[in-house]
Amino acid sequence: MSLPRLALSTAKSHVRLMMVMGAALLTLGLAQGLVILLVKGFIAAFFGGSASSGGAVSVAVVDLVPEFLLRRWPEYGPIRIDSARLAIALPLIVLLAGMAKSWSTYVYMRAQQEFSMFAGASLRDQLFPAILGKSYQELAGVSPGTWMSVLVNDVAFVQSRLSDVMTSFLRGGISISASLLTMFFLHWPSALVMMVLIPVTARSTGATGKRIAGFSSVVQESLRRMANLVLEVRGRFDFMRAQHGENFDLARFDAANDSYFKVIVRSLLVRSAFAPVLEFAGFAVFAGFILAINRGWVAFAADASGGSEVLLQFIVALGFMVKPLRDIGEQLARYHETHGAVGKCFDLLKSSSASSPQLQSQSLSFPDSVNAEKGLVIQEIAFTWVGSGNKFTAESINIEPGKNIAIVGPSGAGKSTFLKIVSGLLPPDRWISAERWQDTILKTSLVPQQPFLFAASVRENIAYGVSAISDENIWSTLDAIDARRFVEALPSGLDTPVSSLVANLSGGQIQRLVIARALLRAKPVLLLDEATSALDVVTEGAILRRLTDLAKRNRGSVVAVTHRLQWLQLFDEIWFIEDGRIALRGTQQELLAEPRFVDFCQSPESGLA
């Protein structure tokens with residue numbers, strides 16, 4: 001994907017708009033060509049003509065219109081027109097041509113602005129699925145500020161630049177083409193020289209454009225770093241304020257802002273000089289053209305009168321070309337600037353794939369209808385983290401219906417990695433099972449370590465991704481985890497906006513809402529990654545007991561990573577994960593007979609004692 005391809009794809013989907021723009025540009029070109037051609041008639045009406053037999057001054061048609069038109073209709077050439085009438089008619093024709101040119105410019109500008117907005121919307125429609133299609137590692141490896149910058153700032157930048165580039169290249173291009181075409185009919189050798197020189201001049205700007213693109217890429221990256229800093233401070237504002245770290249974060253932001261300023265200053269020379277140099281090249285061509293006329297290298301007509309009129313027309317045509325040429329030069333610089341600035345945006349589309357299971361699955365209905373079978377049976381599973389090289393491997397995994405499993409082990413052993421694999425966040429490097437990984441993950445629902453509520457109502461947060469859900473189902477789910485009372489106490493109950501509550505909700509309340517979100521999906525396997533760690537011990541025990549009992553009644557399973565020894569008794573089986581593998585399995589009593597497990601439980605690292 002690139003800026004021209006984006007414009008082309010938008011044009012294909014908005015043909016009517018392109019037809020309007022084409023008609024406006026055609027009218028603009030014809031009006032401009034008419035004005036150039038009328039210069040000869042203006043000279044003839046006010047400074048030429050001859051007296052007729054009645055004494056009135058008149059002008060022959062052959063002296064008003066271009067020669068190529070009279071070749072088709074030679075009988076009109078000798079007709080003479082009174083100069084007084086011509087002096088009145090010409091300004092009116094110029095006025096009409098000006099009105100046509102202005103109206104066509106308005107129509108084109110409006111249509112072109114709509115086109116740019118459609119292009120921006122289309123790009124966003126492609127970018128967001130591309131971001132969602134990234135793997136968990138790719139998403140986690142890039143800061144939120146970068147994704148925000150790509151989806152919001154870069155798209156707005158592309159939309160603005162596309163509007164400017166189209167205005168200069170299309171409207172300016174039509175203006176230049178109309179002038180060149182008119183010049184071609186007036187004096188084709190000179191027009192041919194101009195047509196050759198313009199592409200040569202444009203090509204010479206390529207190297208400078210690449211430098212501008214390089215600078216722009218660095219500038220956008222600097223802006224992303226500042227956006228990351230702002231989001232980072234927002235995410236840990238309470239920590240910063242408690243630790244009195246304002247000066248530290250101010251220093252970091254000042255350094256990023258200073259770096260951005262230095263890059264901008266370095267790019268100013270190249271960016272500012274681009275358009276004036278191209279404009280000067282246009283004047284140089286014009287000066288060379290005048291010199292050629294003076295030296296006799298270019299001749300317009302055999303007689304001085306005819307030659308002067310054509311020369312004046314030629315100069316008017318060149319005058320129409322000066323501003324568009326300057327604008328095109330400036331927009332060439334901006335095009336390269338855009339290409340460099342939003343390279344990450346287009347690279348994201350280039351590397352995107354629809355392999356994400358989230359993009360392939362449909363919105364769920366209540367109750368769950370994804371897979372009637374319950375339980376997970378996996379012969380072998382393996383995964384390696386990119387960068388660190390840490391591995392997780394496991395064999396003979398059997399999570400039977402109605403069985404609840406607790407997972408314990410030291411930090412970094414692979415507990416969360418296993419849950420991320422079977423929940424669909426991490427695609428395994430090796431997967432041996434009777435069913436595909438893509439099918440297995442549809443049986444699970446994960447509650448992560450860090451609970452998240454987005455800017456919507458409490459109802460929308462709980463029912464996220466589930467269609468056709470009733471309030472009765474939501475309230476029964478809240479009852480299952482003893483969350484009804486605090487939700488009912490909210491200002492508007494389920495309709496209360498979360499944005500107004502985040503500062504007033506405790507960590508335990510947020511975790512219970514997130515657990516309710518997972519429960520509502522009624523998946524066979526509920527995955528809890530330390531999902532109750534923010535609750536007090538009594539409340540945590542009560543909720544875990546409710547969840548495990550509910551799973552047994554419904555022939556489901558709870559697989560929970562925990563660091564609290566007292567609740568292991570609620571689970572049918574305990575897995576002890578160590579060094580990226582399941583080292584021990586069994587009931588609580590069976591594992592307490594294992595020295596390795598006992599040593600871990602008694603170590604300060606475990607947090608179980």
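Assorted remarks:
- Scanning segment 369-383 for residues that are farther than 27 Å from residue 468 by Cβ and either modelled with pLDDT under 60 or in contact with a Leu (Cβ under 9 Å, 6 or more places away or on another chain) (or both) turns up just one, 383.
- The one condition in (1) exposed (fewer than 15 other Cβ atoms within 10 Å of the Cβ); (2) in contact with a helix residue (DSSP H, G or I) (Cβ under 9 Å, 6 or more places away or on another chain) that residue 601 fails to fulfil: (1)
- Failed criterion for residue 533 (all others in (1) under 24 Å from residue 416 (Cβ atoms); (2) open to solvent by less than 10 Å² (accessible area, probe 1.4 Å) hold): (2)
- Residue match in segment 29-48 (condition: over 24 Å from residue 183 (Cα atoms) and at pLDDT 75 or above): no
- Test: residue in segment 450-467 that is closer than 20 Å to residue 557 by Cα and either among the hydroxyl-bearing types (Ser, Thr, Tyr) or surrounded by fewer than 20 Cβ atoms within 10 Å (Cβ to Cβ) (or both): no
- For the residues 132, 170, 151, the requirement of being in contact with a Lys or Arg (Cβ under 7 Å, 6 or more places away or on another chain) and open to solvent by 20 Å² or more (accessible area, probe 1.4 Å) singles out 151.
- Being more than 21 Å from residue 446 (Cβ to Cβ), small (Gly, Ala, Ser), assigned to a strand (DSSP E or B) and open to solvent by less than 40 Å² (accessible area, probe 1.4 Å) is a property that residue 560 lacks.
The values are calculated or read from the model by the stated rules, or taken from the named source; none is laboratory data. Just so you know, these numbers come straight off a predicted model, no measurement behind them. Virtual Cβ from ideal backbone geometry, glycine too; neighbours counted across all protein chains shown. Side chains included, ligands, DNA and RNA excluded: accessible areas come from the protein's heavy atoms. Shrake-Rupley method; radii C 1.70, N 1.55, O 1.52, S 1.80 Å.
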